[in-house]
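A short worksheet on the structure shown next.
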Amino acid sequence: MVRRKREKKSRPPFGMPKGIVLLATPQGWRHSVLTVEGGMLCGRLADVPLNADPAEARAAAAAMVVGLAHDFHEERVDVTWDPPREPGSWTAQVTVVE
């Protein structure tokens, strides 16, 4: 009897995104991506200028999350921005496109 070596399916290094928080700071546009698993990925939108319009920053953050979901989870997602509650801060919901 020949045994096959079991292939261990590893978890993607990035959890499935479920939300985005985007902040305008004097140092640039900052983001936090919240994941379904409870994780968080934080950083700066490097390709977005400090004085960029909020719509440009939201588009860049959404494109980043769409790319991460595709690359790490092979899922298509949609990003829906909530109305802003305070100046300089935006949140979005990320949902899988069926």
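The values are calculated or read from the model by the stated rules, or taken from the named source; none is laboratory data. This one's a predicted model, so the numbers in the text were calculated from it and none came from an experiment. Don't worry about glycine lacking a Cβ; one is built from the backbone with ideal geometry, like all the others, and counts go over all protein chains shown. Calculation scope for accessible area: heavy atoms of the full protein, side chains included, ligands and nucleic acids excluded. Shrake-Rupley method; radii C 1.70, N 1.55, O 1.52, S 1.80 Å.
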Check: Looking only at the stretch 51-76, which residues are in contact (Cβ under 8 Å) with a residue 24 or more places away in the chain and touching a strand residue (DSSP E or B) at 6+ places or on another chain (Cβ under 8 Å)?
Finding: Pro54, Ala57, Arg58, Ala60, Ala61, Ala62, Met64, Val65, Leu68, Ala69, Glu75
Notebook entry, point to check: Any idea which of Ser32, Ser10 is modelled with pLDDT of 90 or more and among the hydroxyl-bearing types (Ser, Thr, Tyr)?
Noted result: Ser32
Item checked: Flag if Arg85 is basic (Lys, Arg) and at pLDDT below 95 -> yes
Notebook entry, point to check: strands (runs of 3 or more DSSP E) wholly in the stretch 7-98 with at least 3 residues that are open to solvent by less than 20 Å² (accessible area, probe 1.4 Å) - which ones?
Noted result: 17-25, 28-35
